[in-house]
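What follows is a single structure, written as C-alpha cells, with notes after it.
The values are calculated or read from the model by the stated rules, or taken from the named source; none is laboratory data. All values reported here derive from a predicted model rather than from experimental measurement. Heads up, the Cβs are rebuilt from the backbone with ideal geometry, glycines too, and the neighbour counts pull from every protein chain shown. Heavy atoms of the whole protein, side chains included, go into the accessibility calculation; ligands, DNA and RNA do not. Shrake-Rupley method; radii C 1.70, N 1.55, O 1.52, S 1.80 Å.
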Amino acid sequence: MKNFDFVAIGDTVTDAFIRLQDASVHCNVNHEECTLSMRFGDKVPYQSVDVIRAVGNAANAAVSASRLGLSTALVTNLGDDQNGAECLATLKQNGIATDFVTTNAGKETNYHYVLWYEDDRTILVKHQEYDYKLPDVGPQKWIYLSSLAQNTLPYHKEIATYLKANPDTKLAFQPGTFQMKFGTGELSDIYTHTEVFFCNVEEARRILGITEDLTAMDLAPKIAKLGPKVVVITDGPKGAHVFDGTDTWFMPTYPDTKPPLERTGAGDAFASTFTVALALGMSIPQALCWGPINSMSVVQQVGAQRGLLTKAELEEFLKTAPESYKPQLLS
C-alpha cells in the first residue's frame, strides 16, 4: 500500500461554464439574497461555453496539492462514460494517483452547468447516487474530505471508522452542501477527528444554526467546540480568521493583480493551500500567507484549477507581497 502526503475524498464533476451576456442580477437591500434573471420562454444568447474536466472540491484540492509538490491521490467515483474517461485522464495529467478511483458500471459521471455572469457564477448541480464504499487506502498522512452526494451518510460513517483506526492520520474537512445538511450530530465523529476545518462566514452560521450576524472571529470558537483543532473561516474580500483553541489570527487577502475574471474555486484554493502548508511543516501564520495567494491566482482564470500555482510560482508572489500582507495575531 503506497503512502501519500495528501489523499482527497469527494465527488468529481465536469463543469460546463456557460458565459451569459443577456442577464441581470437583483438583490435585496442588504445585498445578501440575489437572484439571476433571464427572459422566460425566449431564446437567450450566450457568449461562450468552456468545458472543464475533473473538478469538484476534493479534485481541486488534489490538483492544488500536486502542483505544490505533494504526492497526491484522490478517492472518488466516476461513471463508465466518456466524461468519466476524460476526467480520469485529466487527473493523471495533473499528477494525481488514481489508485482509489472507482468506475461505476452503467452510471454517468457528475456533470454540472455553471451559469457565469460578470465575475460570479450560479451552478446547476446533479450528483449521481453511486454505491459509495471506502477503498482500503491504508494509513495516510493527511486526508482532505469535502463535498459528497446526499446518499453518503453511511459512507461518512466508514470514513469516521477509518479515522478512529488511524489516529496518526490528520483530517482536513471542508464540508459541502449535503455534509452541512447532515448536521453536526450525524457527523460528530468527523468533526471530532478534524485537525483543520474550513468554511466561509455564511456556511459557519448555517452549520451552527445561527441567525445572528456574528463575525468570523465570533463564529470560529463555536465551530471549535464541535471538535476541530484549527478552524479557518473565510469572508471573501474581507479576509480570513483562524482559531486554534488558544490564539486567533486575521489574514487579509492578497491584492488582485487584475480584476477577478471568475470566482469559482477561490475557497478550495485557500483551504487546500493552507492544508498543504501545514503538511509541509509550516506554522499557522506561514500557512495563512500561502492560502490567499492561490485564491487570488485562481480567480484570474476560468474554473477552479487553471490558476493553481506551483510552489515556485507561489513563493515568487510571496517575495513581492506588500508590507501589509501578513497575519495579525488578535488574541
Legend entry - For the chain: accessible area per residue (Å², 1.4 Å): 46
Inset, instruction - Would you work out if segment 45-139 is rounded, prolate or oblate? Take a ≥ b ≥ c from the square roots of the eigenvalues of the alpha-carbon gyration tensor; rounded if a/c is under 1.5, else prolate when a/b is larger than b/c, oblate otherwise. - result: oblate
Inset, instruction - Using R₀ = 35 Å, calculate the FRET efficiency as 1/(1 + (r/R₀)^6) where r is the Cβ-Cβ separation of Leu208 and Asn30; round to 0.05. - result: 0.95
Inset, instruction - May I ask you to order 321-327, 42-48, 183-189 by the average number of other C-beta atoms within 10 Å around their residues, highest value first? - result: 183-189, 321-327, 42-48
Inset, instruction - In nm, give the distance between the simple-model label positions of Leu153 and Ser283, each being 7 Å from the Cα along the Cα-to-Cβ direction. - result: 4.3
Legend entry - By accessible area with a 1.4 Å probe, ligands and nucleic acids excluded, highest first: order of Ile9, Ile123: Ile123, Ile9
Legend entry - Proximal lysines relative to Lys133, as straight alpha-carbon distance under 20 Å, when same-chain residues fewer than 8 apart are discounted: Lys2, Lys107, Lys157, Lys164
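Per 0.36 nm of contour for each residue apart, how much would the distance between Ser48 and Glu86 grow if the chain were fully extended, relative to their Cα-Cα spacing?
Length difference between fully extended and current span is 11.6 nm.
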Legend entry - Accessible surface of the chain [probe 1.4 Å, protein heavy atoms]: carbon and sulfur percent: 50
Inset, instruction - Quick one: work out the % antiparallel among DSSP beta bridges in segment 101-245, nearest 5. - result: 45
Inset, instruction - Name every cysteine in the chain that ends up alone, with no second cysteine's Cβ under 4.7 Å, or say none. - result: Cys87, Cys199, Cys289
Legend entry - Charge dipole (debye, nearest 20) of segment 2-115; +1 at Cβ of Lys and Arg, -1 at Cβ of Asp and Glu: 240
Inset, instruction - Take Glu212, Glu262 and sort them by solvent-accessible surface of the protein heavy atoms, 1.4 Å probe, largest at the top. - result: Glu212, Glu262
Inset, instruction - Kindly provide the chymotrypsin sites (Phe, Trp or Tyr not before Pro) of segment 184-233 that DSSP labels as loop, not H, G, I, E or B, and whose Cβ sees at most 16 other Cβ atoms within 10 Å. - result: none
Inset, instruction - Could I have the simple spin-label model distance between Ala105 and Gln21, label points 7 Å from Cα toward Cβ, reported in nm to one decimal? - result: 4.7
Legend entry - segment 61-101 shape via C-alpha gyration tensor axes, a/c threshold 1.5: prolate
Inset, instruction - Provide, as a two-decimal number, the C-alpha radius of gyration of segment 147-214 over 2.2 N^0.38 Å, N being how many residues it has. - result: 1.13
Legend entry - All-pairs alpha carbon distance profile, the chain, 20 Å steps from 0, percent: 32, 61, 7
Inset, instruction - Take the Cα gyration tensor of segment 188-331, multiply each eigenvalue by 5, square-root it, and list the three semi-axes largest first, rounded to whole angstrom. - result: 25, 16, 15
Inset, instruction - Output the antiparallel fraction of DSSP beta bridges having both residues in the chain, as a percent to the nearest 5. - result: 45
Legend entry - P(r) of segment 176-234 over all Cα-Cα pairs, binned every 5 Å from zero, in whole percent: 4, 20, 33, 29, 12, 1
